[in-house]
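The values are calculated or read from the model by the stated rules, or taken from the named source; none is laboratory data. On a predicted model such as this, the values are computed, not experimentally measured, just so you know. Don't worry about glycine lacking a Cβ; one is built from the backbone with ideal geometry, like all the others, and counts go over all protein chains shown. For accessibility, only protein heavy atoms count, side chains too; no ligands or nucleic acids. Shrake-Rupley method; radii C 1.70, N 1.55, O 1.52, S 1.80 Å.
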Protein chains: 2
Amino acid sequence: MLDHLGDLKRTHHCGELRSEHVGQTVTLLGWVAKRRDLGNLTFVDIRDRWGLTQLVLDPEYNADAHAKAKNLRSEFVIGIVGNVRARSENTINNKLATGNIEVFVNELFVLNHAATPPFPIKDDVEGVGEELRLKHRYLDLRRPALQKNFLLRHKLTMAVRNYLDTKQFVELETPILTKSTPEGARDYLVPSRVHKGSFYALPQSPQIFKQLFMVSGFERYFQIARCFRDEDLRADRQPEFTQIDMEMSFVQRDDVYALLEGMMAELMRVIGVEIEAPFQRLPYERAMDDYGSDKPDLRYDMKLNDLSDKVADCGFGVFADCVANNGRVKAVCAPGAASKSRKEIESLESWLKQDYGIRGLAWLKYTEKGVSGPIKKFLGEDLCRELFTISGGGEGDILFFVADAREKANQALGALRCRLAEMLDMIPENTFKFLWVTDFPLVEFDDDSARYVALHHPFTSPLDEDLELLKEDPSQVRAKAYDLVLNGFEIGGGSIRIHRRDIQDAMFKALGLSEEEAEEKFGFLLNALSYGAPPHGGIALGLDRIAMLMANEKSLRDVIAFPKTTSAYCMMTDSPSRVSVDQLVDLGITVLHAHKDKEN
Amino acid sequence: MLDHLGDLKRTHHCGELRSEHVGQTVTLLGWVAKRRDLGNLTFVDIRDRWGLTQLVLDPEYNADAHAKAKNLRSEFVIGIVGNVRARSENTINNKLATGNIEVFVNELFVLNHAATPPFPIKDDVEGVGEELRLKHRYLDLRRPALQKNFLLRHKLTMAVRNYLDTKQFVELETPILTKSTPEGARDYLVPSRVHKGSFYALPQSPQIFKQLFMVSGFERYFQIARCFRDEDLRADRQPEFTQIDMEMSFVQRDDVYALLEGMMAELMRVIGVEIEAPFQRLPYERAMDDYGSDKPDLRYDMKLNDLSDKVADCGFGVFADCVANNGRVKAVCAPGAASKSRKEIESLESWLKQDYGIRGLAWLKYTEKGVSGPIKKFLGEDLCRELFTISGGGEGDILFFVADAREKANQALGALRCRLAEMLDMIPENTFKFLWVTDFPLVEFDDDSARYVALHHPFTSPLDEDLELLKEDPSQVRAKAYDLVLNGFEIGGGSIRIHRRDIQDAMFKALGLSEEEAEEKFGFLLNALSYGAPPHGGIALGLDRIAMLMANEKSLRDVIAFPKTTSAYCMMTDSPSRVSVDQLVDLGITVLHAHKDKEN
């Protein structure tokens, strides 16, 4: 028989009681974390969101409560009234915040039973499949580690909002049922019942709306906004995700940088970390050349070195030919890697060959016996040593070479750099290195459609000094675009936007859109730009990823309450799911090819 | 030729300069609100989000800037550098915050042109059709009145979040792509590309998810959540709307009331209004009997009076028969209405007959000459006067009667009460009367499906004392449900939920769901209740409506940035819209009957 909550009101949380409370009568409410009998006594750990307290039930103190307690099992919901007592010296638990006390129970109320959970509620989930945990997500979310993540996430969004509020930003909501804003990814569509045959699209971002807010004169907009992309999911993507979305009028890039640096400092303070501002700024070209990545992890150094000039005339044909044919010979020096085995080195090579399409990974090892390695004989000891010196290395290190087209060499060595940092344990813990990557190309050539496409989106402003090139050679135009990078993750991206109708028209033209196409797709934006649009720019940050990095988690699923699988499926609610024929008739649509898979 | 923003940085807002700034050199950025030439001089009002400042351009002071200014037109985007000067005594404008000063312009930068707007940017929108304003919403949003509404809305959400944060609530996000939670309204569906033939539904509310958060032990959840209902829209509905959604564990109704009263007090402080707590509480039955409404407007009194006993034996057959047949004779006394014409009274009667299906509206008028009216002769002067006295009326008033089944009489008189309050100018301005309506019936009988349906939703807990009735006679069961009412609008509703699996099973059974149906629709919730669900309850508030009432607006469209029409259409983006065949093929669906309407 279950008890009613009645007038039972919690006086303290389960993480609150200390020695100073000894002697008080308290009421606690929560879940049974553990029950054990010891001689006559029964001990129960009661858990709530704030912590854990040990209860003691003594049949001589209260026989009824003790009898009830004997039937308690894990995850039962209980309430107790009891007296706080100091623990005896030898039972004090220093690992527990409440470990100095225990509560002798006068009254025990059983508020709900619990079937045996399909997995134990504890942070060590080893041996428990993720599918099972996702199916019972409401139990998985009881784990203290996940609870902590979501409390952190809440604190982060509070900090964002309070910071932006003090900066006079206004949070404004934009529609979820809206029109497709073609930004490369696939839209989720919503059939309209009233306008049969027409569809809403879920927003990939509030991009156009936030620009319209600037046209409206709100000047400083933000929103913690849900966005949607119907893409084939990688492990670190979700069909819906949350952006900290911002836009400001009358600003240059430096204003955005300064604002964001202040905001990131506030966020880092939530986890007790002080960071330095301004953040380093790195033009895109430079980032690619030095780190082989547009989102380099700066927690460790290990830059890429261009040794082309040094090896142009060397005796190693592969290097010399590469340089002669406009390729680059680049190298990365792996400090302390000389102890790695030939097998480990070769596995790196085969990985890079397969994933990055390079022809080979040359290397030189520098030990107390001097330089060795397959290509040593072509270069000679002196040149080898010089190459180490130029690359900032020496005894104990390995120098890895890729000779290829510049872009390919950069990408392969950039990936190798990250892998080596992990292998060599070069990544310091609890370190947060922010970086602005700037001056991205405005457009890139898309082979499929045989035309230029916007690298960020078609509303990104060119650099003033590159404006003239927009007509002549769009590929040479740099954009007022920037990415915010943290520890090798792109956590945000933005730009100064085009605010002039004539430049937006020229941009669409450069992207191969006819006037009619531009009008049909973006007519309302083009119109808006005609009615007095101020200079403006902004940024969008990935809240999920920021929360993940700050919570020191590896998966977005650990910071999203009800995540979907990589097939965009919710294991808990079994959605998406079949709907009734009536619903489809209402919408005027029908299903052509129903997919049969195990999850449905 | 347009100027670049360059290093132009605003030193002050356009609403900021006062006499104390006289002599300073300032930089302002904004829009041209008005330009006029007066003799040699040109005056320009510059406007930004914060206000308006008068600029003066004198050709003798700066000829270039003056020449540029001659070409300015409304809504051009400009920046200026100039000197603040005191206005001469006779040009001071006390209506303007900056009316004591003007800025003599040294430099003028034209940052963008503006075509002539399709309607003037001013709060008086008379003569401008709403369609035109919705099509150019980005210009409509420039109007100071709308800007003010959205700044208020932002302040309200900040106040909500800060209040709930101090009360240890955690903001948690729930999915937008989810499973249908059948709550009466039609779902918006999203076809799945990966799981062809299956659909996500957009949430009508996060109801089940927030209950799962309680099962997870978050204890105190909130979210400012977007919700969706695919209903035929009335004037004050939108297909997507925003809820302040909350849920708490280990609470009774009084805890929810107290928390919400504190929150509403915070919100009202945003507009400078202090309110009293606790709010009045009125059981549903009482609200219907006294006010003929489950959301009575308490800014005025005018209660309904049950005069059945007094007229049961009177000479007026309609009244006597009604009472004899178990009906009620009820009346509302309209103070000061005696001056209203017979025509006005008769128009009330025909409205009530048509909209509320009553047979007639009897009335008595009390003037200095005594009581008169069509039914006077049946009742006699003495009884008439007594009925006035019982109803709290007297000379100068009219007593309106409806004799009908209790529910019908209540509804008709409830509507009449509201109409009379408007007619008689009884509604005080800037008054905010909050009210809890409590003890709603748990279920109501639905004639269409010939079964009971939940009045709120099927997760609402019965009153403890009515629990036994759930099996015997569900219609008699009262619920732990409550609505929060403000000035005659339901601004929120909630309940203590069912936290026990056995009671939830019984509830589904009372609603005519078989075990299989319950399992299929709500299996994951039923499961969750089995694993230690705490007692919990919550509420959801309509943010849009609260913002509307607090902004003193009549339409939700005045507090939603990009609203849709009553046909769920966005005039600005022209959505919903047709999509490509490829997109439909991707989703495995096809359109059966495309609707052709003027908007598409």
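Only residues that are facing chain B (nearest Cβ under 7 Å), modelled with pLDDT of 85 or more and under 23 Å from B:Pro175 (Cα atoms): list them for the stretch A:575-600, please.
Once the filter is applied, which keeps residues that are facing chain B (nearest Cβ under 7 Å), modelled with pLDDT of 85 or more and under 23 Å from B:Pro175 (Cα atoms), the stretch A:575-600 yields A:Ser575, A:Pro576, A:Ser577, A:Arg578, A:Val579, A:Gln583, A:Leu587.
Is the stretch A:185-203 home to any residue that is more than 30 Å from B:Leu29 (Cα to Cα), surrounded by fewer than 21 Cβ atoms within 10 Å (Cβ to Cβ) and more than 9 Å from every other protein chain (Cβ to nearest Cβ)?
Yes, some residue in the stretch A:185-203 is more than 30 Å from B:Leu29 (Cα to Cα), surrounded by fewer than 21 Cβ atoms within 10 Å (Cβ to Cβ) and more than 9 Å from every other protein chain (Cβ to nearest Cβ).
Filter the stretch A:40-52 down to the residues that are under 20 Å from A:Leu111 (Cβ atoms) and of a type in the set (A, V, I, L, M, F, W, C), then identify the one that is most open to solvent (accessible area, probe 1.4 Å).
Among residues in the stretch A:40-52 that are under 20 Å from A:Leu111 (Cβ atoms) and of a type in the set (A, V, I, L, M, F, W, C), the one most open to solvent (accessible area, probe 1.4 Å) is A:Trp50.
Which residue is farthest from B:Tyr61 (Cα to Cα), if the candidates are limited to the stretch B:123-150 and must be of a type in the set (Lys, Arg) and surrounded by 14 or more Cβ atoms within 10 Å (Cβ to Cβ)?
In the first step, residues of the stretch B:123-150 are kept if they are of a type in the set (Lys, Arg); the result is B:133, B:135, B:137, B:142-143, B:148.
Filter once more, so that each one left must be surrounded by 14 or more Cβ atoms within 10 Å (Cβ to Cβ): B:133, B:135, B:137, B:142-143.
Values: B:Arg133: 40, B:Lys135: 42, B:Arg137: 39, B:Arg142: 32, B:Arg143: 33 Å.
This residue is B:Lys135.
Based on this model, can you work out whether B:Thr42 counts as in a loop (DSSP other than H, G, I, E, B), more than 14 Å from every other protein chain (Cβ to nearest Cβ) and at pLDDT 95 or above?
Considered against the rule, which asks whether it is in a loop (DSSP other than H, G, I, E, B), more than 14 Å from every other protein chain (Cβ to nearest Cβ) and at pLDDT 95 or above, B:Thr42 comes out as no.
So in the stretch B:56-109, with the set limited to residues that are in a helix (DSSP H, G or I) and among the charged types (D, E, K, R), which one is farthest from the other protein chains (Cβ to nearest Cβ)? Spell out the reasoning first.
Step one: of the stretch B:56-109, the residues in a helix (DSSP H, G or I) are B:63-69, B:89-91.
Applying the additional criterion that residues be among the charged types (D, E, K, R) yields B:64, B:68, B:89.
On the way: B:Asp64: 22, B:Lys68: 16, B:Glu89: 32 Å.
Of everything passing the filter in the stretch B:56-109, B:Glu89 is farthest from the other protein chains (Cβ to nearest Cβ).
For the stretch B:209-233: of the residues being more than 8 Å from chain A (Cβ to nearest Cβ) and hydrophobic (A, V, I, L, M, F, W, C), which is surrounded by the most Cβ atoms within 10 Å (Cβ to Cβ)?
B:Phe222
Scanning for something touching a residue at least 60 places away in the same chain (Cβ under 8 Å), within 11 Å of chain B (Cβ to nearest Cβ) and surrounded by 15 or more Cβ atoms within 10 Å (Cβ to Cβ), does the stretch A:165-183 turn up at least one residue?
Checking the stretch A:165-183: at least one residue is touching a residue at least 60 places away in the same chain (Cβ under 8 Å), within 11 Å of chain B (Cβ to nearest Cβ) and surrounded by 15 or more Cβ atoms within 10 Å (Cβ to Cβ).
Quick one: how many residues across the stretch A:110-122 are surrounded by 15 or more Cβ atoms within 10 Å (Cβ to Cβ) and either of a type in the set (S, T, N, Q) or outside any loop (DSSP other than H, G, I, E, B) (or both)?
4
Which number in (1) assigned to a helix (DSSP H, G or I); (2) farther than 30 Å from B:Arg133 by Cβ marks the one condition that B:Leu513 misses?
Unmet for B:Leu513, out of (1) assigned to a helix (DSSP H, G or I); (2) farther than 30 Å from B:Arg133 by Cβ: (1).
Determine, yes or no, whether A:Asp37 is surrounded by fewer than 19 Cβ atoms within 10 Å (Cβ to Cβ), in a strand (DSSP E or B) and not β-branched (Val, Ile, Thr).
When the stated conditions are applied, A:Asp37 passes them.
Of all residues in the stretch B:234-252 being within 10 Å of another protein chain (Cβ to nearest Cβ) and not in a strand (DSSP E or B), which is surrounded by the most Cβ atoms within 10 Å (Cβ to Cβ)?
The qualifying residue surrounded by the most Cβ atoms within 10 Å (Cβ to Cβ) is B:Pro239.
Each row is one residue, and each column tells you yes or no for (1) touching a residue at least 40 places away in the same chain (Cβ under 8 Å); (2) part of a helix (DSSP H, G or I); (3) aliphatic (A, V, I, L, M).
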{"site": "A:Arg385", "(1), (2), (3)": "no, yes, no"}
{"site": "A:Phe400", "(1), (2), (3)": "yes, no, no"}
{"site": "A:Leu413", "(1), (2), (3)": "yes, yes, yes"}
{"site": "A:Leu416", "(1), (2), (3)": "yes, yes, yes"}
{"site": "A:Thr431", "(1), (2), (3)": "yes, no, no"}
{"site": "A:Leu435", "(1), (2), (3)": "yes, no, yes"}
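Output yes when any residue across the stretch B:269-283 is open to solvent by 40 Å² or more (accessible area, probe 1.4 Å), within 17 Å of B:Thr438 (Cβ to Cβ) and in a helix (DSSP H, G or I), and no when none is. So that I can check it myself, show each step before the final result.
In the first step, residues of the stretch B:269-283 are kept if they are open to solvent by 40 Å² or more (accessible area, probe 1.4 Å); the result is B:269-272, B:274, B:276-278, B:280-281, B:283.
Now narrow it down to the ones that are within 17 Å of B:Thr438 (Cβ to Cβ): B:277-278, B:280-281, B:283.
So of that shortlist, the ones also in a helix (DSSP H, G or I) come out as none.
Checking the stretch B:269-283: not a single residue is open to solvent by 40 Å² or more (accessible area, probe 1.4 Å), within 17 Å of B:Thr438 (Cβ to Cβ) and in a helix (DSSP H, G or I).
Just checking, does the stretch A:562-572 include any residue being within 14 Å of the chain's Cα centre (by Cα), surrounded by 20 or more Cβ atoms within 10 Å (Cβ to Cβ) and either touching a residue at least 12 places away in the same chain (Cβ under 8 Å) or over 30 Å from B:Gly30 (Cβ atoms) (or both)?
Checking the stretch A:562-572: at least one residue is within 14 Å of the chain's Cα centre (by Cα), surrounded by 20 or more Cβ atoms within 10 Å (Cβ to Cβ) and either touching a residue at least 12 places away in the same chain (Cβ under 8 Å) or over 30 Å from B:Gly30 (Cβ atoms) (or both).
Under 6 Å by Cβ, and 6 or more places apart or on different chains, what pairs join a residue from the stretch A:289-310 that is within 10 Å of A:Val332 (Cβ to Cβ) and free of Cβ contacts under 8 Å to residues at least 12 places away in the same chain with one that is basic (Lys, Arg) and surrounded by fewer than 21 Cβ atoms within 10 Å (Cβ to Cβ)?
Cβ pairs passing all conditions: none.
Just the residues that are crowded, with 17+ Cβ neighbours inside 10 Å and under 39 Å from the mean Cα position of the chain (by Cα), please, taken from the stretch B:80-98.
Within the stretch B:80-98, B:Thr98 is the sole residue that qualifies.
Would you tally the residues in the stretch B:1-26 being surrounded by fewer than 18 Cβ atoms within 10 Å (Cβ to Cβ) and within 13 Å of chain A (Cβ to nearest Cβ)?
Of the residues in that region, 10 qualify.
Please go through the stretch B:510-530 and pick out each residue that is surrounded by fewer than 23 Cβ atoms within 10 Å (Cβ to Cβ) and within 9 Å of another protein chain (Cβ to nearest Cβ).
Answer for the stretch B:510-530, where residues must be surrounded by fewer than 23 Cβ atoms within 10 Å (Cβ to Cβ) and within 9 Å of another protein chain (Cβ to nearest Cβ): B:Gly523, B:Phe524, B:Asn527, B:Ser530.
Kindly evaluate B:Glu553 against the criterion of being open to solvent by 30 Å² or more (accessible area, probe 1.4 Å), out of contact with any Gly (no Cβ under 9 Å at 6 or more places or on another chain) and more than 14 Å from chain A (Cβ to nearest Cβ).
Yes, satisfied.
Residue by residue through the stretch B:307-359, note down the ones that are of a type in the set (Phe, Trp, Tyr) and within 32 Å of the chain's Cα centre (by Cα).
B:Trp351, B:Tyr356
Any chance the stretch B:148-160 includes a residue that's within 7 Å of another protein chain (Cβ to nearest Cβ), in contact with a strand residue (DSSP E or B) (Cβ under 7 Å, 6 or more places away or on another chain) and within 30 Å of A:Arg137 (Cα to Cα)?
Checked the stretch B:148-160: at least one residue is within 7 Å of another protein chain (Cβ to nearest Cβ), in contact with a strand residue (DSSP E or B) (Cβ under 7 Å, 6 or more places away or on another chain) and within 30 Å of A:Arg137 (Cα to Cα).
Out of A:Glu490, A:Glu468, which single residue is modelled with pLDDT of 95 or more, among the charged types (D, E, K, R) and open to solvent by 40 Å² or more (accessible area, probe 1.4 Å)?
Criteria check complete, one pass: A:Glu490.
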